[in-house]
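First up is the structure itself, then whatever we jot down about it.
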Amino acid sequence: MTRLYRNLVIPIAALAVMAIGIQTASATTMEDIVSRGELRVAVQTQGPPISFIDKNNERTGLAVEIVKELGKDMGVDVVFKDYDWKGLIPALIGGKVDFIAADMTPTAKRATQLLFTEPAFFTANVAFTTKENMEAKGYSHWKDLNDGAHTVGATQASTYAAAAKQYLPKADLKEYSGGTAATAQALSQGRIDAGISDTGTMKGLMKDYPEFVLLKGEITKEPLSFATRPDSVHLVRFLDNYIRLIRYNGKLDEMLDYWWHTTAWEKDH
């Protein structure tokens, strides 16, 4: 065997071993789910309409109900595990859950750590403030916040915060670990001048805070996806297939109309 041939064989053999390892790891997550009869899902249960505890003390919301339907169709039990927003990705990477079901944007940076499904739904990020602030400070559009005199709040490590950093660089950004609910509380208490969240979340939040108003314009439009570990190829393909199935049979549109595009869910929860 020539030296050149030996030099070629070793890398090729190594790649083959790696490929086998990846395939085995890819199958492992799905095989584990099926064998234990249980799907473990990370959620951020801090506010409607994505996932929350309702007036009957039951866990529900758009992402939660999609996963519940998925579990029934798979024939496995679903176990939801609650985390702050910043704890979702570490919980997944650490193997505590099988995937994340949240309103997570598949950004380029996140995609270096995670494997995302095709978008389950879409949203727009918007800015909100109080009627009093709007009248006293004389702004009506989100771009009016791009001033060193204004303080803006957003969920820690979220695309809301990323949007503020990119499009409102002159504003003083305050990040909160408690989701949009914490941002809303800070605004209501006068600790910030405005907040950033998405249109779906704001539909429900503004019922709880009638003094809030949306500023004009959309800061960004974003797809929202579920996320798995990079080695969970079988699982992410399964989730993609399921999203397509419920989109084509109309079930996803029904859920979106109930949970995301309107506040119809409020009378039941």
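The values are calculated or read from the model by the stated rules, or taken from the named source; none is laboratory data. Since the structure is predicted, the reported quantities are computational estimates derived from the model, not experimental observations. Don't worry about glycine lacking a Cβ; one is built from the backbone with ideal geometry, like all the others, and counts go over all protein chains shown.
Which number in (1) outside the structural domain of residue 215 (by TED's automatic domain parsing); (2) in contact with a Leu (Cβ under 8 Å, 6 or more places away or on another chain); (3) among the β-branched types (Val, Ile, Thr) marks the one condition that residue 60 misses?
(2)
With in the same structural domain as residue 133 (by TED's automatic domain parsing), in contact (Cβ under 8 Å) with a residue 12 or more places away in the chain, closer than 25 Å to residue 82 by Cβ and surrounded by fewer than 17 Cβ atoms within 10 Å (Cβ to Cβ) as the only criterion, which of 170, 216, 207, 203 stands out? Show your work before the answer.
Numbers: 170 fails: closer than 25 Å to residue 82 by Cβ; 216 fails: closer than 25 Å to residue 82 by Cβ; 203 fails: surrounded by fewer than 17 Cβ atoms within 10 Å (Cβ to Cβ).
Exactly one of 170, 216, 207, 203 is in the same structural domain as residue 133 (by TED's automatic domain parsing), in contact (Cβ under 8 Å) with a residue 12 or more places away in the chain, closer than 25 Å to residue 82 by Cβ and surrounded by fewer than 17 Cβ atoms within 10 Å (Cβ to Cβ), namely 207.
Of all residues in the range 138-150 being touching a residue at least 24 places away in the same chain (Cβ under 8 Å) and surrounded by fewer than 17 Cβ atoms within 10 Å (Cβ to Cβ), which is farthest from residue 219 (Cα to Cα)? Show your work before the answer.
Kept after step one, since they are touching a residue at least 24 places away in the same chain (Cβ under 8 Å), are these residues of the range 138-150: 139-148, 150.
Adding the requirement that they be surrounded by fewer than 17 Cβ atoms within 10 Å (Cβ to Cβ) leaves 140-141, 143, 146-148.
On the way: 140: 13, 141: 10, 143: 9, 146: 12, 147: 16, 148: 18 Å.
That would be 148.
Can residue 263 be described as within 29 Å of residue 168 (Cα to Cα), at pLDDT below 95 and in contact with a helix residue (DSSP H, G or I) (Cβ under 9 Å, 6 or more places away or on another chain)?
Details: within 29 Å of residue 168 (Cα to Cα): no; at pLDDT below 95: yes; in contact with a helix residue (DSSP H, G or I) (Cβ under 9 Å, 6 or more places away or on another chain): yes.
No; evaluated as a whole, the condition is false for this residue.
Among the numbered criteria (1) over 30 Å from residue 112 (Cβ atoms); (2) assigned to a helix (DSSP H, G or I); (3) in contact (Cβ under 8 Å) with a residue 12 or more places away in the chain, which one does residue 254 miss?
(3)
Are any of the residues in the range 123-134 closer than 30 Å to residue 230 by Cβ, of a type in the set (Phe, Trp, Tyr), in contact with a helix residue (DSSP H, G or I) (Cβ under 8 Å, 6 or more places away or on another chain) and at pLDDT 95 or above? Steps first, please.
Here is the first cut: in the range 123-134, the residues closer than 30 Å to residue 230 by Cβ are 123-125.
From what is left, the residues that are of a type in the set (Phe, Trp, Tyr) are none.
No, because not a single residue in the range 123-134 is closer than 30 Å to residue 230 by Cβ, of a type in the set (Phe, Trp, Tyr), in contact with a helix residue (DSSP H, G or I) (Cβ under 8 Å, 6 or more places away or on another chain) and at pLDDT 95 or above.
One line per residue, one yes/no per condition, for (1) under 15 Å from the mean Cα position of the chain (by Cα); (2) outside any helix (DSSP H, G or I); (3) hydroxyl-bearing (Ser, Thr, Tyr); (4) more than 16 Å from residue 183 (Cα to Cα):
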site	(1), (2), (3), (4)
126	no, yes, no, no
129	no, yes, yes, no
133	no, no, no, no
143	no, no, no, yes
149	no, yes, no, yes
154	yes, yes, no, no
160	yes, no, yes, no
